Amino acid sequence: MFLAYYDESGDDGYPATSTDLFVLACIYMRHDRWRANFERVQDLRRTLAKSHGFRFDWELHTRELLLDKDPYRSMRFQPSQRMELVTAFCRVLATLEARVITVVINKRNIVKPDYNVLDTALTYSVQRVHNDLQADSGHFLVITDEGRVAKMRSTVRRLQKINYVPASGGGESYRQDLKNLIEDPLPKNSQDSYFIQLADMVAAIVSLWCVSWQKAGAIPNRMNYLPLEQPRLWLDMLKPVLNLQASPRNPYGVVCYPKQAVSP
């Protein structure tokens, strides 16, 4: 069985929204690889506690860390140290026996007022996890932060009953119910899950990369110390675990919807 951990960057509201992008990241792994992956991340956190003063019990919130917000602000991390911390977590994630799929919803391209951002992002993500594991007959379980479990539950239940997949090349969609997806999404406090925190990191990095790539939004002023190419460098570092087949035309396998704006 596989464990699929989810977290996001941005809000899933539409048309009322505070962000142009909603990014949903998933880190999934075989259950028998969980312990080894957990111990690698745990070892890194011990190292960072000694080398950078990044407290072992702190939850990793990548965006807040880069913005120098609480609780990290009390440590007076220099910009270079904040970048080093994120780089260290990227390096360890790249060594895990796991895979990553990220879905981006660019709200600037939405034209339907009833567009369900979270439902759409989760649908595309779960479909791709399912397709990746189908050859291995791998069943998987969704684990996510407690805040969005109720919304995600309705999506998962629908996909388990009936699921239509768009055919490649613009043909008619076909039915492919997700029989390998088991149970409802299970809640877990992100503070107690290294892997939800790493999914948060991936979502934050992809969001920053999309700011320049899709011209969606702007990097906050308190993040202006980041070199323009830094998000790309982090994603290059993560390539060993990125599922590039999730979106073959994208250099990092990032799935982006809607494809383009239909109206001016």
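Points worth noting:
- Given (1) at pLDDT below 90; (2) buried (at least 18 other Cβ atoms within 10 Å of the Cβ), index of the condition GLN160 fails: (2)
- Number of positions in region 235-244 that are under 14 Å from the mean Cα position of the chain (by Cα), among the hydrophobic types (A, V, I, L, M, F, W, C) and either closer than 13 Å to VAL92 by Cβ or part of a loop (DSSP other than H, G, I, E, B) (or both): 2
- Where TYR225 falls short, out of the listed (1) surrounded by 18 or more Cβ atoms within 10 Å (Cβ to Cβ); (2) at pLDDT 80 or above; (3) assigned to a loop (DSSP other than H, G, I, E, B): (1)
- Members of region 113-159 that are assigned to a helix (DSSP H, G or I) and small (Gly, Ala, Ser): ALA121, SER125, GLY147, ALA150, SER154
- Among the candidates VAL255, VAL206, VAL262, VAL211, residue that is at pLDDT below 90, surrounded by 12 or more Cβ atoms within 10 Å (Cβ to Cβ) and within 22 Å of PHE22 (Cβ to Cβ): VAL211
- Total residues in region 2-33, condition under 17 Å from GLU97 (Cα atoms), touching an Asp or Glu at 6+ places or on another chain (Cβ under 9 Å) and of a type in the set (A, V, I, L, M, F, W, C): 5
- Reported count of residues in region 43-60, each being part of a helix (DSSP H, G or I) and either surrounded by 15 or more Cβ atoms within 10 Å (Cβ to Cβ) or under 20 Å from the mean Cα position of the chain (by Cα) (or both), is 3.
Matching residues to (1) surrounded by 15 or more Cβ atoms within 10 Å (Cβ to Cβ); (2) in a loop (DSSP other than H, G, I, E, B); (3) among the hydrophobic types (A, V, I, L, M, F, W, C):
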residue: GLU8; (1), (2), (3): yes, no, no
residue: TYR14; (1), (2), (3): yes, yes, no
residue: THR19; (1), (2), (3): yes, yes, no
residue: ARG35; (1), (2), (3): no, no, no
residue: GLU39; (1), (2), (3): no, no, no
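- Applying the condition of being at pLDDT 85 or above and of a type in the set (D, E, K, R) to region 144-157 and asking which residue is farthest from PHE195 (Cα to Cα) yields ARG157.
- When we screen LEU67, LEU24 for residues that are surrounded by 15 or more Cβ atoms within 10 Å (Cβ to Cβ), farther than 26 Å from THR155 by Cβ, hydrophobic (A, V, I, L, M, F, W, C) and touching a residue at least 60 places away in the same chain (Cβ under 8 Å), the only hit is LEU67.
The values are calculated or read from the model by the stated rules, or taken from the named source; none is laboratory data. Because the structure is a prediction, the values reported are computed rather than measured. As a convention, Cβ positions derive from the backbone with ideal geometry for all residues, glycine included, and neighbour counts pool all protein chains shown.
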